[in-house]
1. Tell me the accessible surface of B:Asp269 in square angstrom (1.4 angstrom probe, heavy atoms of protein chains only), to the nearest ten.
2. For the stretch B:97-236, what does the alpha-carbon gyration tensor say about shape, rounded, prolate or oblate, given a ≥ b ≥ c as the root eigenvalues, a/c under 1.5 as rounded, and a/b over b/c as prolate?
3. Volume per residue, Å³, of the convex hull around the alpha-carbon atoms of chain B?
4. Taking every residue in B:105-112, how many Cβ atoms of other protein chains lie within 10 Å of its Cβ, on average?
5. Just to confirm a number: summing +1 for Lys and Arg and -1 for Asp and Glu over residues other than B:Gly29 whose beta-carbon lies under 14 angstrom from that of B:Gly29, what do you get?
6. Accessible area per residue, 1.4 Å probe, Å², for the stretch B:2-229: what's the number?
7. How large is the accessible surface of B:Val19 in square angstrom, using a 1.4 angstrom probe and rounding to the nearest 10?
8. Name the residue from A:Ile367, A:Trp494, A:Gly530 whose Cα lies farthest towards the positive end of the charge dipole of the stretch A:346-566, charges +1 on Cβ of Lys and Arg and -1 on Cβ of Asp and Glu.
Amino acid sequence: MTARRSGWLARFEPVTLLWIALIAILLFLVAFPLGKLLVVSFETRGTGEFTLMNYVSAYGRSRYVDALVNSLLLGLLSATMSVVMAVPMAWAVSRTDMPFKGLTWAVVLGAFILPPYLSAIGWILLAGPNSGFLNIAWRAITGLEDPLFNVYSFAGLALVIALNAFPLVFIFVKSALDLVSSEMEDAANILGAGTWTAMRKVSLPLVWPAIMAGFIIVFLEAIALFGTPAIIGIPARINVVTTQLWQFFEYPVRVEVAAAYAMPLLLITAGMIVVQKLMLSRKGYVSQTGKGGERRPIKLGPWRWVAFAWCAAVGLMAVIAPLFVLLQASFAKAWGRGLAWDNLTLANYRLLIFEHDMAMTSIWNTIWFSASAASIAVVLALLVAYIVNRRLVPFGEALGFMAMAPFVIPGIVMAIGFYAAYASPPFALYGTAVIIILAFAARFLPIAYANSSSAIRAVHPEMEEAARILGSGRLHAIWMITAPLVRKSLLGGWLIVFIVASRELSAAIFLVGPRTRTMSVLLYDLSEAGNFEVLAAFGGLLLVVTMVFVGIGMKLVGRDFMLRRN
Amino acid sequence: MSRLQIQGLTKAYGPNRVVDSIELTLQEGEFVSLLGPSGCGKTTTLRMIAGFVDPNEGSISLDGQVISAPGAVLPPEKRGMSMIFQSYAIWPNMTVAENVGFGLKLRKLPGEEIRKRVAEILEVVQMGHLAARYPAELSGGQQQRVALARAIVVKPAVLLLDEPLSNLDANLREEMRFEIRRLHDEFRITTVYVTHDQSEAMATSDRIAVMNAGRIEQVDAPHMLYTRPRTRFVAGFIGRTNLLPAQLRNGEIGFGGIAMQAGQVPGSDTAAAGDILVSVRPQSIGLHRAPPGGGAPVLEGVVAQRTFLGETWDYVVRADGSDLRLRATAPPLQIHDVGERVWMEFDPQQMAMVV
Ligand SMILES: Nc1ncnc2c1ncn2[C@@H]1O[C@H](COP(=O)(O)OP(=O)(O)O)[C@@H](O)[C@H]1O
Ligand SMILES: [Mg+2]
């Protein structure tokens, strides 16, 4: 039982080696693609000489500059719409006696789960200018020529995006409102303010940072989104940054120009997230965490039905109507003929499941790519979180920082970085499953990291130390004590990464090859072909796959595991 | 049951020496407390003994073998010690019995033997009926008993406890204090007990090491710390006291116009001369309405303030002709009004000269 006198070699602990390995992996996954993107944007294709010509090409045409402006306007409009939809909902659910709050929750969750490109397709069926159900009904009722609402328009595009993204605002604002105690409103009431004044002057200002934070997140989502702008914007001749980037990837692929063109997206995202962090940490708003404080729902009287109607209207537009027409179309011979017995068929599903040469492959691809990416992300995140939280190495925070970095990188930019870094020799990963899995793992690493980090923090280090002093080595203690304690929350993290990866389009579309198409990419391919019945059926399959995993998550981890804000 | 020896032990975080050249030896089966205010380095010391923290200087040896020295630290799992943590660290995913049996399993004991010893120790801590429970179903005190059982059942060479009672409410704290001492009397495990609560340390320990700012100020039996404090810090930290500036000249200690033989005052170093400090416990001062007889040193003064504490009166007396204000306690029936003239009688035997 004597201590080893040890030289430098023994001081070189295994965890130091692990630390070095993790740094290498994170450099490979995060830093190298991003660095390569930057370098490529300044290089002449082929020779690798320094040049500024890529930037000249990227911004030299007014069409390209217009696309950038369009993206920003689209972002602002969608974010504004989301705030308008979500803030009253959040307030009603958090602070009032509105009936059927559970339904509102279900709607928010539904909108959260529904992939954006599916709600886009649903809205084409609803509000296409000629054959959309809403417009046909409108013409039949009013006898007018003009459509009620044309989804192939800037406003249509923004609305569809907002209807899909509003849950982000909802979650931010609701969790902030949950912290405002009734006493704050009482204090205003006693000074003579009525319910509405108290809300306007007290509650809303208190959650203002949360509203702004939600606004920024939706704005960033919207400008980085590929699916909806491609499906609605391209036919409507509305060009935005992401669709323009896609065009740079059409033959001949011009990565260097795409890289240069992607820079504003990257800078805006990184900048806005910094702004958002600053806003949420402003001192003046600390009072909203004022502790204890009784919380009583505000009695709305008859107004509570108005509140409910608002939530129901948003839910109808965001989830129920698009989902309904999608399902209808998926079981229809011709979707335009609507619900009728002689219009019902299973042919669309049969075609996809038994005859289509890519459909089943893409489902299988989606599942195993997403599962692999989720596993890599969670394992990596867990190791980093453990090392950082237990302060096992000096400068552990550097690891944490790298693991969180992809949070400020739009998926589409990340994909172009991966393309630039690994598509061509010496790596030559283009068209392989590996490049997609790694890109997914990198892209969603921050989600896994935030999850693992809070899981590890919840396990007191003394839990492990108690095992060690009784005779178990470090690894044995982790295996016996820490691992079982974090298992459940890690499973939750894994499922969230799996689910978001399984519907990911904007990164996948740049990296898939002919045999590595995912469901989302195949869905986009089908949308270009314009066969809406088969397209809808495939959307149905995608939803089934997603719902299975959401269901598993709710069963194993808890009902609201996807909507927790972390 | 082993002999634990700590020599010159030092831990520095940056320029901060949070544990500073500590010397301490525990005899086999001895119970020693590390007592000191929060932040004085108790936990760090304990964690160095456990092997979780590497020392910068000095060494720790167990039965004569060095187990910690700079750059050569035996990992915690090889020390054969047990530890009880402030958070209890009861594993929530295991039952009480599994928690307690964990260390025995690691020692590769046969299953039958493990079951027997777990059952025995759970009886000892009065938890036998809850063996199959999960920790979430237990109260704080019960969790504490599980932690004790888990630590003792492996018959550790040294038992380490880090403020084990600080999360319990007052009644339970008192009960568990005696429980811990009872278990020590039964098993005689060499024990280091960290606490910031002096009554806890007094109730449990054979000896107490009083720590302040990373250093050990004094190691002694509880009553010796009280009656013979050697430093100003110890005198003030253990019980309450009057710290009086005094002069030591020609073998006499003088303050406030009275003098006494230095040889009568314990701990006084008659060779020293000049300004010194003496500690006078409030209850060693006798209060009288008239000048008392006898040869004891007496100071005359006026009651400046009084507080009734139930078991005692707490008087503050301002001595005549100096700005000395002394605390003195008296039984409930001995009542003096504020402004009343009193004579304070000192007992040199109950004073201590401190540095
Ligand atoms: N890992 C550490 N890094 C830097 N300072 C530390 C660390 N651990 C403890 N300290 C500091 O050392 C001092 C002593 O801490 P500790 O041993 O926990 O005190 P105690 O247990 O007596 O309250 C405190 O000031 C604390 O802030
Ligand atoms: Mg401590």
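1. 80 Å²
2. Note, shape of the stretch B:97-236 comes out prolate.
3. In chain B, the Cα convex hull volume per residue is 170 Å³.
4. Counting other chains' Cβ atoms within 10 Å and averaging over B:105-112 gives 2.
5. -1
6. 38 Å²
7. Result for B:Val19: roughly 0 Å² accessible.
8. Looking along the dipole axis, the top candidate is A:Trp494.
The values are calculated or read from the model by the stated rules, or taken from the named source; none is laboratory data. Computed from a prediction, not measured in an experiment: that's the story for all the values here. Virtual Cβ from ideal backbone geometry, glycine too; neighbours counted across all protein chains shown. To get the accessible areas, we keep the full protein, side chains included, count just its heavy atoms, and leave off ligands, DNA and RNA. Shrake-Rupley method; radii C 1.70, N 1.55, O 1.52, S 1.80 Å.
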